[in-house]
Amino acid sequence: MKEISKEIEKVRQKLKRGPADTLLLQKPFAKGMYYFMMFMIDYYSRVRTHLKIDYDSFMIIQTVTSHNLYNLNKKKKDSSYSELDTEWEKIINRIDNVTEMFENNSEIKNRNKLTISSICLVTNLPKETVRRKTGELIKKNLLRSSKKDGILIGHMYKEVFQKFVPQTTLEVSKLLKNWEQSGVLKSILSFKV
């Protein structure tokens, strides 16, 4: 955590004193920041209105999802959207099929177990908050819990993936296009720390 703070402070100081190539001195910085803020507000709003959950709960789901993606990416080099959709289905079905879980015992041992404590470390949320919100997400079938495998995605995550991810992809595309048109993207890509 201290290393990250040091890196952020380096960037902050470089932006303040900055030579002509820093982001702060370039005119499209304010536009770029505006586009990013609008993206973040839309993202936050969609979590609340479309998924009908609070943002902390969403971040818990994102932590579980990123854990699954990390494990998938270790096995496969790269996956398309449709391949990832199929992988979610396999994960969800594997969780439900107890016989298959025991038959593939070596696979279970090789996977990292995601726990409440792990989620707390990643999200910086209090343990009781994570425990309570995870319980609520399990009741909604967005997450599942297994003694052997820890916290996993649930049946309803597939619906989140199918509805939320395409819209987010579209919004990221709009953000990047706005940054490109205003010159911010070029500035960000050329920024050196």
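The values are calculated or read from the model by the stated rules, or taken from the named source; none is laboratory data. Owing to the predicted nature of the structure, the values given are computational and were not obtained by experimental measurement. FYI the Cβ positions are ideal-geometry reconstructions off the backbone, even for glycines, and counts take in every protein chain you see. Protein only, heavy atoms only, side chains kept; ligands, DNA and RNA dropped before computing areas. Shrake-Rupley method; radii C 1.70, N 1.55, O 1.52, S 1.80 Å.
Residues in the range 157-177 that are open to solvent by 50 Å² or more (accessible area, probe 1.4 Å) and over 17 Å from the mean Cα position of the chain (by Cα): Lys174, Leu176, Lys177.
In summary, Glu107 fulfils each of the numbered conditions (1) under 20 Å from Ser145 (Cβ atoms); (2) modelled with pLDDT of 90 or more with the single exception of condition (2).
Kindly establish whether Ile151 is out of contact with any Asp or Glu (no Cβ under 9 Å at 6 or more places or on another chain) and at pLDDT below 95. Considered against the rule, which asks whether it is out of contact with any Asp or Glu (no Cβ under 9 Å at 6 or more places or on another chain) and at pLDDT below 95, Ile151 comes out as yes. Do the conditions hold for Leu125, that is, is it within 14 Å of Met59 (Cα to Cα), assigned to a loop (DSSP other than H, G, I, E, B) and either touching a residue at least 24 places away in the same chain (Cβ under 8 Å) or not basic (Lys, Arg) (or both)? Yes: the conditions hold for Leu125. Under the condition of being open to solvent by 40 Å² or more (accessible area, probe 1.4 Å) and of a type in the set (Asp, Glu), the residues counted in the range 58-92 number 3. Considering (1) within 18 Å of the chain's Cα centre (by Cα); (2) in a helix (DSSP H, G or I), say which one Ile151 fails and leave the rest. Of the numbered conditions (1) within 18 Å of the chain's Cα centre (by Cα); (2) in a helix (DSSP H, G or I), the odd one out for Ile151 is (2).
Of everything listed in (1) farther than 30 Å from Tyr34 by Cβ; (2) modelled with pLDDT of 90 or more; (3) over 17 Å from the mean Cα position of the chain (by Cα); (4) polar (S, T, N, Q), the single unmet condition for Thr86 is (2).
One line per residue, one yes/no per condition, for (1) modelled with pLDDT under 75; (2) of a type in the set (A, V, I, L, M); (3) open to solvent by 100 Å² or more (accessible area, probe 1.4 Å); (4) more than 26 Å from Leu121 (Cα to Cα):
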residue	(1), (2), (3), (4)
Lys2	yes, no, yes, no
Lys14	yes, no, no, yes
Arg17	yes, no, yes, yes
Ala20	yes, yes, no, yes
Pro28	yes, no, no, yes
Lys31	no, no, yes, yes
Tyr34	no, no, yes, yes
Met38	no, yes, no, yes
Tyr43	no, no, no, no
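Consider the range 131-182. How many of its residues are in contact with a Phe, Trp or Tyr (Cβ under 7 Å, 6 or more places away or on another chain) and closer than 27 Å to Lys113 by Cβ? Residues meeting the conditions: 5. Candidates are the residues of the range 127-156 that are open to solvent by less than 20 Å² (accessible area, probe 1.4 Å) and β-branched (Val, Ile, Thr); the one that is nearest to Ser66 (Cα to Cα) is Ile153.
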